[in-house]
1. Could you tell me which numbered condition Arg215 fails, if it satisfies all but one of (1) assigned by TED's automatic domain parsing to the domain that holds Asp12; (2) loosely packed, with under 14 Cβ neighbours inside 10 Å; (3) not acidic (Asp, Glu)?
2. If Val230 meets every condition in (1) within 29 Å of the chain's Cα centre (by Cα); (2) assigned to a helix (DSSP H, G or I); (3) modelled with pLDDT of 90 or more; (4) not small (Gly, Ala, Ser) apart from one, which number is that one?
3. So which residues in segment 216-231 are over 21 Å from Met255 (Cα atoms) and in contact (Cβ under 8 Å) with a residue 60 or more places away in the chain?
4. Does segment 169-190 contain any residue that is surrounded by 14 or more Cβ atoms within 10 Å (Cβ to Cβ), hydroxyl-bearing (Ser, Thr, Tyr) and part of a helix (DSSP H, G or I)?
5. Which residue pairs have Cβ atoms under 6 Å apart, sit 6 or more places apart or on different chains, and have a first residue in segment 273-297 that is over 20 Å from Val230 (Cα atoms) and a second that is assigned to a strand (DSSP E or B)?
6. Going through segment 1-43 one residue at a time, which ones are within 17 Å of Pro226 (Cα to Cα) and in a strand (DSSP E or B)?
7. Specify which of the listed residues (Ala55, Ala68) is touching a Ser or Thr at 6+ places or on another chain (Cβ under 9 Å), surrounded by 16 or more Cβ atoms within 10 Å (Cβ to Cβ), within 13 Å of His177 (Cα to Cα) and not acidic (Asp, Glu).
8. Suppose the filter is among the aliphatic types (A, V, I, L, M), in a strand (DSSP E or B) and not assigned by TED's automatic domain parsing to the domain that holds Gln212; does Ala92 pass it?
Amino acid sequence: MNGILCVNKPQDFTSFDVVAKLRGILQMKRLGHGGTLDPMATGVLPVFVGNATKACDIMPVNAKSYLAGFRLGCTSDTQDIWGEVKTVSDKAVSREELLAVLPEFTGKIMQLPPMYSAVQVNGKRLYDLARQGIEVERTPREIEVNSLNISEYDPVTREGKIEIDCGKGTYIRTIIHDIGEKLGCGGIMTSLVRTSSGGFTLSDCHTLDEIQQARDENRLEELILPIDRVFITLPELRLGEAQTRMYRNGVKLDMARVRGISSEYDTYRVYGSDGKFIGTAETDRENGILRVGKNMG
């Protein structure tokens with residue numbers, strides 16, 4: 001069994017918990033996940049099955065989207081509702097005031113990783129230090145936030161929901177925390193759903209119970225998405241029989257002899273002479289060759 005199994009991660013499960021559960025359901029060890037989710041979060045978690053695990057670290061689409069609940073007027077040590085409250089403010093915030101600060105948190109911005117995160121400092125996870133009451137100096141990281149949209153907001157309760165499209169490595173609760181700081185009242189995240197990741201959406205996902213049921217009814221294959229879905233944004237190349245053998249053996253191909261190569265693209269998804277997806281390839285225009293990127297065959 002090879003491909004992508006998209007899971008709608010349940011709350012209170014770590015991403016590793018989901019993989020461990022699936023190892024039991026699928027009766028196989030070769031599994032990996034694409035993009036860690038905090039235990040309190042739910043939503044899209046692509047799980048790579050079999051040969052697809054080779055693609056875990058080379059997903060060309062790193063964009064993710066979230067729907068997060070938030071509350072203004074307080075802060076916590078974890079920057080979310082599950083932490084210990086640190087400050088409380090009764091400052092009123094209108095919808096207009098909230099919308100006015102959003103542009104400062106879009107585009108390429110610097111973000112300070114929260115103490116309750118898996119970031120390592122001197123070989124130690126920040127969340128391990130935070131649980132010991134230790135706070136250490138962290139280095140801000142550049143992240144990219146493509147869009148922020150307030151889909152709901154009640155100025156009386158100062159609670160609402162925000163839609164966020166962003167790149168990898170973005171801490172959603174930190175965005176909410178920083179928005180609260182900018183508004184002078186503080187803010188915490190109250191819920192989090194990842195609505196898309198790496199080109200996969202909630203409509204692609206199945207609950208663990210649904211996956212278990214499919215296993216019991218011998219229809220697991222129906223839930224597995226093909227590996228090339230990961231690379232659907234890349235242009236495709238189809239190789240001849242001899243070229244397919246060469247590719248599988250890691251041999252560089254003469255670009256002049258490969259049909260479909262364009263000057264616009266440097267990376268391709270590759271199909272063999274039988275029409276099956278076999279991996280990715282990179283152009284070396286200086287030497288006129290096509291190199292094997294990731295052999296998935």
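1. (2)
2. The one condition Val230 does not meet is (3).
3. Here is the first cut: in segment 216-231, the residues over 21 Å from Met255 (Cα atoms) are 216-230.
Residues satisfying the conditions are Leu220, Glu221, Leu223, Ile224, Leu225, Pro226, Ile227, Arg229, Val230.
4. The initial filter retains those residues of segment 169-190 that are surrounded by 14 or more Cβ atoms within 10 Å (Cβ to Cβ), namely 169-180, 182-183, 185-190.
After this cut, where a residue has to be hydroxyl-bearing (Ser, Thr, Tyr) as well, the list is 170-171, 174, 190.
If we keep only those that are part of a helix (DSSP H, G or I) too, we end up with 174.
Taking every residue of segment 169-190 in turn, at least one turns out to be surrounded by 14 or more Cβ atoms within 10 Å (Cβ to Cβ), hydroxyl-bearing (Ser, Thr, Tyr) and part of a helix (DSSP H, G or I).
5. Asp284/Arg291; Leu290/Leu253; Leu290/Ala281; Leu290/Thr283
6. From segment 1-43, those within 17 Å of Pro226 (Cα to Cα) are 1-7, 26, 30-34; that's our starting set.
Correct list: Gly3, Ile4, Leu5, Cys6, Val7, Leu31, Gly32, His33.
7. Ala68
8. On the way: among the aliphatic types (A, V, I, L, M): yes; in a strand (DSSP E or B): no; not assigned by TED's automatic domain parsing to the domain that holds Gln212: yes.
Taking the combined requirement at face value, the residue does not satisfy it.
The values are calculated or read from the model by the stated rules, or taken from the named source; none is laboratory data. Just so it is clear, the model here is predicted, and its values are computed rather than measured. Counting neighbours? That spans all protein chains shown, and the Cβs are built from the backbone with ideal geometry, glycine included.
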